[in-house]
Amino acid sequence: MPGAPLRSFGGMDVAHYFEEQPAAPSDERAVTVSARGITVRLVTDRGVFSKSGLDEGTRRLIETADLSGATSALDLGCGYGPVTAILSRAFPGVRWWMVDINQRAVELARRNTADLVPPPVVRQWDGIPPDLEDTFDHVLLNPPIRAGKATVFRLYEDAKRALAKQGKLWVVIQKKHGAPSTEAKLRELFDEVDVAYRKAGYFVFCARRA
């Protein structure tokens, strides 16, 4: 069964987005989200993060990540699936895996990406499932700031374990939410860390495993 809630979507109120079973009654709606010149229509619901549209941190992560030449990627804390839905179109040929603690988000993510070929592997779990034997060229993460540093750093360690050699972890985080400490931790874990994006208090780090 899933572990403790994965609070993986930045500095917003996380009280109910990360329950395994959201308490809020379902009220589905369709939203249109755009990034990288790509527009997709997705279904969202109450009890999932950013139900009204794409949050700014995730947008900057999508705009910055470069998956050129990749064959596999993991969307960690996928929510209802905007990262995979957009980047799968920007980088065709990448096979996607998606993970989130929130069952409602997982079901939405599965539906919102069902048209991809092949369809993504979607799992409900806190972090990266320990039985997941696949490794990935890229892992993408908007980390759980309000869950605390220990949880955030555990996810960075999980990502390192799941990356193939030369694989890259992409992390978006605001300066006020701990970008300096994130950079220090990534440099401790990874062989190479670049600041791929920095503007208006947002940082996107790219950490590479040798």
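The strands (runs of 3 or more DSSP E) found wholly in the stretch 102-210 and carrying at least 2 residues that are within 24 Å of residue 48 (Cβ to Cβ) occupy 121-124, 136-141, 163-174, 202-208.
Residue 30 fulfils the conditions (1) over 27 Å from residue 194 (Cβ atoms); (2) in a helix (DSSP H, G or I) except for a single criterion, (2).
Filtering the stretch 156-185 to residues that are closer than 12 Å to residue 139 by Cβ and of a type in the set (A, V, I, L, M, F, W, C) leaves 159, 162, 163, 164, 169, 170, 171. Looking for something crowded, with 20+ Cβ neighbours inside 10 Å, within 26 Å of residue 44 (Cα to Cα) and among the hydroxyl-bearing types (Ser, Thr, Tyr) - is there at least one such residue anywhere in the stretch 177-194? Within the stretch 177-194, not a single residue is crowded, with 20+ Cβ neighbours inside 10 Å, within 26 Å of residue 44 (Cα to Cα) and among the hydroxyl-bearing types (Ser, Thr, Tyr).
Inside the stretch 35-58, residues that are free of Cβ contacts under 8 Å to residues at least 40 places away in the same chain and loosely packed, with under 15 Cβ neighbours inside 10 Å make up a count of 5. Do we have residue 92 as at pLDDT 95 or above and either in a loop (DSSP other than H, G, I, E, B) or among the aromatic types (Phe, Trp, Tyr) (or both) here? When the stated conditions are applied, residue 92 passes them.
From 208, 187, grab the single residue that is in contact with a strand residue (DSSP E or B) (Cβ under 7 Å, 6 or more places away or on another chain), of a type outside the set (A, V, I, L, M, F, W, C) and in contact (Cβ under 8 Å) with a residue 24 or more places away in the chain. Before the answer, list the steps.
Details: 187 fails: in contact (Cβ under 8 Å) with a residue 24 or more places away in the chain.
Within the list 208, 187, the selection yields 208.
Taking residues in the stretch 124-141 that are surrounded by fewer than 19 Cβ atoms within 10 Å (Cβ to Cβ), and partners anywhere that are among the aromatic types (Phe, Trp, Tyr), the pairs with Cβ atoms closer than 9 Å and at least 6 places apart or on different chains are 132/97; 132/125; 134/97.
Counting the residues of the stretch 91-118 that are surrounded by fewer than 24 Cβ atoms within 10 Å (Cβ to Cβ) and among the small types (Gly, Ala, Ser) gives 2.
Residues are listed down the side, and each one gets a yes or a no for (1) at pLDDT below 95; (2) under 20 Å from residue 45 (Cα atoms):
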residue	(1), (2)
105	yes, yes
121	no, no
133	yes, no
138	no, no
150	yes, no
154	yes, no
157	no, no
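Scanning the stretch 45-79 for residues that are of a type in the set (Gly, Ala, Ser), out of contact with any His (no Cβ under 8 Å at 6 or more places or on another chain), part of a loop (DSSP other than H, G, I, E, B) and under 22 Å from residue 102 (Cβ atoms) gives 50, 52, 53, 77, 79.
The values are calculated or read from the model by the stated rules, or taken from the named source; none is laboratory data. What you see is a predicted model; the values in this text were computed from it and never measured. Note that we place each Cβ from the backbone using ideal geometry, even for glycine, and neighbour counts take in every protein chain shown.
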